[in-house]
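Written out below as structure tokens is the structure these notes cover.
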Amino acid sequence: QAQLVESGGGLVQPGGSLRLSCAASGSIFSIIAMGWYRQAPGKQRELVAVIRSGGSTNYADSVKGRFTISRDNAKNTVYLQMNSLKPEDTGVYLCNADGSHWFGGVLKTFQSWGQGTQVTVSS
């Protein structure tokens, strides 16, 4: 399995910005897609943004125009630039990756999750 490590969360005032990073490591052969989900208290986990190997992206309607997802394929790293943050953006942000990796000399698919990073938007 690939290991994902997130960073960049924290406390920010409404209207502020944060940049999240997620680096994938391990015997990775390729990554098809990397994305960010968020989990708010009492709510279901929701997809925030996803970027595929070809560069196509999708965003939740609630973040369109405010968040930008990008990817450094050479570093197996995905970023989420979050601007104009709102209190409703508060939650644990989790990184997800789908791809293939070498396991016991065999190429296998994987889906991995990071441990999550807390984002709190509050005055």
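Whether any residue in segment 87-94 is outside any strand (DSSP E or B) and within 17 Å of Ser7 (Cα to Cα) is what I want to check.
First, the residues of segment 87-94 that are outside any strand (DSSP E or B): 87-90.
From the residues that got through so far, the ones that are within 17 Å of Ser7 (Cα to Cα) too are 89-90.
For segment 87-94, residues outside any strand (DSSP E or B) and within 17 Å of Ser7 (Cα to Cα): present.
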Q.
Name the single residue that is surrounded by the most Cβ atoms within 10 Å (Cβ to Cβ) among those in segment 58-104 being under 12 Å from the mean Cα position of the chain (by Cα) and aromatic (Phe, Trp, Tyr).
A. Tyr93
Q.
Restricting to segment 77-110, name every residue that is farther than 18 Å from Ile32 by Cβ and hydroxyl-bearing (Ser, Thr, Tyr).
A. Ser84, Thr90, Tyr93
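Could you please find all residues in segment 24-57 being aliphatic (A, V, I, L, M) and either modelled with pLDDT under 95 or surrounded by 18 or more Cβ atoms within 10 Å (Cβ to Cβ) (or both)?
Step one: of segment 24-57, the residues aliphatic (A, V, I, L, M) are 24, 28, 31-34, 40, 47-51.
The answer is Ala24, Ile28, Ile31, Ile32, Ala33, Met34, Ala40, Val48, Ala49, Val50, Ile51.
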Q: Can you run down the residue pairs with Cβ atoms below 6 Å, 6 or more apart or on separate chains, where the first is in segment 106-123 and among the β-branched types (Val, Ile, Thr) and the partner is open to solvent by 90 Å² or more (accessible area, probe 1.4 Å)?
A: Thr120/Leu11
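The values are calculated or read from the model by the stated rules, or taken from the named source; none is laboratory data. All values reported here derive from a predicted model rather than from experimental measurement. Here the Cβ is made from the backbone with ideal geometry for all residues, glycine too, and neighbour counts use every protein chain on show. Just so you know, the surface numbers come from the protein's heavy atoms only, side chains and all, with ligands and any DNA or RNA stripped out. Shrake-Rupley method; radii C 1.70, N 1.55, O 1.52, S 1.80 Å.
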